[in-house]
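The block underneath contains the structure these notes are about, expressed in structure tokens.
Just so it is clear, none of the values below were taken in a lab; they were calculated from the coordinates. Since the model is a prediction, treat every value here as computed from it, not as a measurement. Glycine also receives a Cβ, built like all others from the backbone with ideal geometry; neighbour counts cover every protein chain displayed.
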């Protein structure tokens, strides 16, 4: 790739001033300050020191006057942020993943699909890096970080030995930062499809066009947890590429795997990719249902009531975020309740439901309250087998609730 400028830090940069509310957020450990809480800011995006209105230093941050998230703090110290600072943060993130990959208890040891950088949770504002085999996929959504991407990509390639690095710069977050959008190779070669292994399964990803970086990695440990209960009939709703369904078919921890499986997704092409993954791994082809999840669950509920069928022994329910903004909460709550109510109605006695929310605005407590309401309306008594978050390579940063965005609950029908 062409050399990207790597400007040195500016120790004499004028400080950004935040008001009392912004200072309180930073002091409590949250790295973000919104534009409405910034008293004075630079005219252009850059790294700068942050002070409160009394002149008290609060660290260094990525500052973008045109972004709603105007301040993204990198650290609370006095060291100016530049290329060396960011590469050190990158090294710490990679060190952490290496420890996880060497620890069998992490649940991701040996996986070739790994999140290497988790943005602000790794003190790298707006930067996400996923590894699929020998290929890295990079997303960047922070204007002050943009001039340093060349140095970071160079460090990533050297540290990981990746044969290719792809920039997925096509998110709406970049537009909000005032950045251009495109998809391009940053280093080496990146093919149309990239093969990798995770949890003993041979998988493929489309890094150029797949959702996010090409595949979702945050649920893979939860999929194995649910697979420990796999037997009989299985249902994978919002299956996308079959991440949960493949695990249900394979089984785990002594579970034999399901003997019959249905995948439900609105995308026919995603279902075909899932079917290819089943074939690749020598697993029986599932039933593919290209359908709206709400409509399909209602149809399955009606079918079970009409024929008094046996129900499903294990169900995965992994919808996209239904509450992308706080004002969506009421509608999201109703949507989650409808999905889970219908799933519980078609769950066999003793069956297990793995149900998720990736909506940050829906807290774990609110999600469990919704499940209580859904179970009551479905007339089902359930026990909670466990509550979990994202895989450990998607770390949660203390004081930064946005980094704990995923809730996964295992429920078992008692009756």
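Some observations on this one:
- For region 285-351 and region 110-137, distance of Cα centres in Å: 31 Å
- Inter-probe distance in nm under a simple model that places probes 7 Å from Cα toward Cβ, at residue 387 and residue 260: 3.5 nm
- Mean-square fluctuations from a GNM of the chain, with a 10 angstrom spring cutoff on Cα atoms, peak among 250, 56, 387 at 56.
- Cα-based shape type of region 16-75, given that a ≥ b ≥ c are square roots of the gyration tensor eigenvalues and the cut on a/c is 1.5: rounded
- Every Cα-Cα pair of region 218-413 was included, and the share exceeding 21 Å stands at 48 percent.
- Seen against the Cα atoms of the chain and their longest principal axis, helix 149-160 is set at about 60 degrees.
- Among (i) 75, 45, 36; (ii) 70, 59, 38; (iii) 98, 65, 39, the entry that matches Cα extents along the principal axes in Å as calculated here: (i)
- Mean residue ellipticity at 222 nm, helices only, the chain: -9000 deg cm²/dmol; runs of at least 4 DSSP H residues each add -39,500 (n - 2.57), and the sum is divided by the number of residues.
- Inter-label distance for residue 158 and residue 195, nm, one decimal - labels placed 7 Å from Cα along Cα-to-Cβ: 3.2 nm
- Ranked by how many other beta carbons lie within 10 Å on average, peptides 221-227, 152-158 from highest: 221-227, 152-158
- At full extension, residue 376 and residue 170 could sit 69.9 nm farther apart than now, given 0.36 nm per residue minus the alpha carbon distance.
- Angstrom value of the Kirkwood radius, inverse mean 1/r, which spans all Cα pairs in region 1-159: 16.4 Å
- Ranking of 34, 333 by count of other Cβ atoms within 10 Å, fewest first: 34, 333
- When region 300-369 is reduced to its Cα atoms, the Kirkwood hydrodynamic radius in Å: 13.0 Å
- Computed E for residue 14/residue 306 - FRET, C-beta separation, R0 60 angstrom, nearest 0.05: 0.25
- When both bridge partners sit in region 280-415, DSSP labels roughly 70% of those beta bridges antiparallel.
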